[in-house]
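Enquirer: Here it is: the structure, laid out below.
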Amino acid sequence: MRLVVNGRYSKQRMTGVQRYAEEIVSRLRDRVSVVTPGRAGVGVPGHLWEQVCLPVRSQGSVLWSPCNTGPLCHPKQVVTIHDCAFHDCPDAFSKSFQRWYEWLLPRLACRAAKIITVSEFSRRRLLDLFGVPIEKTEVIANAVSQRFRPTNKDVVDAMRSRLGLPDSYVLTLGSIEPRKNLDRLLQAWKMSSERLKDRVLVVAGGRSSVFREVFTSAPRNVMFLGYVPDSDLPALYSGASCFVYTSVYEGFGLPVLEAMSCGTPVVCSNNTSLPEVSGEAAVAVDPFDVDVTGAAISEILQNPELQRTLRTDGLRQAARFSWTRTSDQVWDVLQSQVAERPVVSSAKRSATIGKMATRLDSAPRSTANSFR
């Protein structure tokens, strides 16, 4: 029996879940087949391809859907559901996206043969929301790519020059949306920067049509970079005096590990999954307490000994997470599903759906991106 990967992620912009899929698939190599859309990966066409075309093209296989969504009619599917933010933080998303996920994911979780998730926090939420048995779920942590490592000064200087960054900056990174808590971070930064007048807060991250806009009044010493290419991230992390990640909700929080791997001191939230990721290697703060966050940033920037301790502890903590180990664990889950034959659709039904799939797979990309 074949092992097939839902390759819709390959047509989407690189964010955390797409990186998760790419890192694992690159290690599974020829042990799996990746089925990708002809053109449509996002919006309504992307979901139609996933629900109609993909089941036809993956018949008779075990299917792994690595990025939260998958076809409801595939008889033997493993799905990775990274978090339940669509339910727990509904105001962070467009109404159409949130409603689609509220409808789709409970049904997908019920029908999937196995659910992988990335933290104990996310597993608890899946059990609470969907009522699936715990034995149907598997926690397999994310990891961090080997290219995230302390970057030499020449590469960092070239990146600073290209992006117009100052010699000394504090970094935060993530999609510009409410659960990333940027409003409170800017308030905390305003307090900190009054004591550290030569510092700049750099905000890296793009806006998505999926997320509702966040309107903020930024202090003077804040730079918004927008979406930063993946290739620039190691140098961007490495050049920062401190990385701040005060999100109010994370299924995992990969940027925390990326920053630690680059030897950057980290301030991060003490809630949801982030304590699992950061361990004792970051300064943990209540993301709703502006005063505490501001004080933590100031303390790190003014305390060289604390900076050295956090760099050392962060590198050690990040080394505990390995994509090779994660890929091996995912492979074991997929292999465990191979023994049981999937139900095969009738020839007549398969032919009808196959004709629909062919038309959808060759359809032009739509501009309707209400759904991701």
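Enquirer: Hey, can you tell me all the residues within the range 91-119 that are free of Cβ contacts under 8 Å to residues at least 40 places away in the same chain, farther than 18 Å from His47 by Cα and open to solvent by 50 Å² or more (accessible area, probe 1.4 Å)?
Expert: Passing the criteria: only Cys110.
Enquirer: Can we say Pro66 is touching a strand residue (DSSP E or B) at 6+ places or on another chain (Cβ under 8 Å) and closer than 22 Å to Ala143 by Cα?
Expert: Judged against the criteria, Pro66 is a match.
Enquirer: Only residues that are within 25 Å of the chain's Cα centre (by Cα) and outside any helix (DSSP H, G or I): list them for the range 290-336, please.
Expert: Selection gives Ala319, Arg320, Phe321, Ser322.
Enquirer: For the range 217-227, which residues satisfy the criterion of being at pLDDT 90 or above and not aromatic (Phe, Trp, Tyr)?
Expert: Result: Val222, Met223, Leu225.
Enquirer: Can you tell me which residue in the range 38-67 is modelled with the lowest pLDDT, limited to those that are farther than 20 Å from Met1 by Cβ and small (Gly, Ala, Ser)?
Expert: The residue in question is Ala40.
Enquirer: Take Cys84 and decide whether it is farther than 20 Å from Val338 by Cα and within 21 Å of the chain's Cα centre (by Cα).
Expert: Answer is yes for this residue.
Enquirer: Being out of contact with any strand residue (DSSP E or B) (no Cβ under 9 Å at 6 or more places or on another chain) and charged (D, E, K, R) is the filter here, so list the residues in the range 233-278 that pass it.
Expert: Passing the criteria: only Glu276.
Enquirer: Among the residues of the range 68-84, is there at least one that is at pLDDT 95 or above, open to solvent by 30 Å² or more (accessible area, probe 1.4 Å), under 16 Å from Phe130 (Cβ atoms) and not β-branched (Val, Ile, Thr)?
Expert: Yes, the range 68-84 has at least one match.
Enquirer: Could you tell me whether any residue of the range 175-193 is over 24 Å from the mean Cα position of the chain (by Cα), surrounded by fewer than 19 Cβ atoms within 10 Å (Cβ to Cβ) and part of a loop (DSSP other than H, G, I, E, B)?
Expert: No, there is no match, as no residue in the range 175-193 is over 24 Å from the mean Cα position of the chain (by Cα), surrounded by fewer than 19 Cβ atoms within 10 Å (Cβ to Cβ) and part of a loop (DSSP other than H, G, I, E, B).
Enquirer: Can you find a residue that is under 20 Å from Val156 (Cβ atoms), of a type outside the set (Gly, Ala, Ser), touching a Lys or Arg at 6+ places or on another chain (Cβ under 8 Å) and open to solvent by less than 20 Å² (accessible area, probe 1.4 Å) anywhere in the range 234-256?
Expert: Scanning the range 234-256, I find at least one residue that is under 20 Å from Val156 (Cβ atoms), of a type outside the set (Gly, Ala, Ser), touching a Lys or Arg at 6+ places or on another chain (Cβ under 8 Å) and open to solvent by less than 20 Å² (accessible area, probe 1.4 Å), so the answer is yes.
Enquirer: Condition first: assigned to a helix (DSSP H, G or I) and crowded, with 16+ Cβ neighbours inside 10 Å. Now tell me which residues in the range 130-151 satisfy that.
Expert: Phe130
Enquirer: Got a number for residues in the range 241-260 being charged (D, E, K, R) and farther than 17 Å from Val118 by Cβ?
Expert: Matching residues across the range 241-260 total 0.
Enquirer: Same structure, new question: Starting from residues that are surrounded by fewer than 18 Cβ atoms within 10 Å (Cβ to Cβ) and over 21 Å from the mean Cα position of the chain (by Cα), keep the ones in the range 197-216 and report whichever is modelled with the lowest pLDDT.
Expert: Filtering first and then ranking leaves Phe215.
Enquirer: Here's a follow-up. Name the residues in the range 56-67 that are open to solvent by 10 Å² or more (accessible area, probe 1.4 Å) and within 22 Å of Tyr20 (Cα to Cα), would you?
Expert: Cys67
Enquirer: Which numbered condition trips up Leu165, out of (1) in a loop (DSSP other than H, G, I, E, B); (2) open to solvent by less than 40 Å² (accessible area, probe 1.4 Å); (3) closer than 28 Å to Ile81 by Cα; (4) of a type outside the set (D, E, K, R)?
Expert: It fails just one condition, (3).
The values are calculated or read from the model by the stated rules, or taken from the named source; none is laboratory data. All figures in this text were calculated on a predicted structure; none of them were measured in a lab. Ideal geometry is used to build each Cβ from the backbone, glycine not excepted, and the neighbour counts take in all protein chains shown. Just the protein is used for accessible areas: all its heavy atoms, side chains included, with ligands, DNA and RNA removed. Shrake-Rupley method; radii C 1.70, N 1.55, O 1.52, S 1.80 Å.
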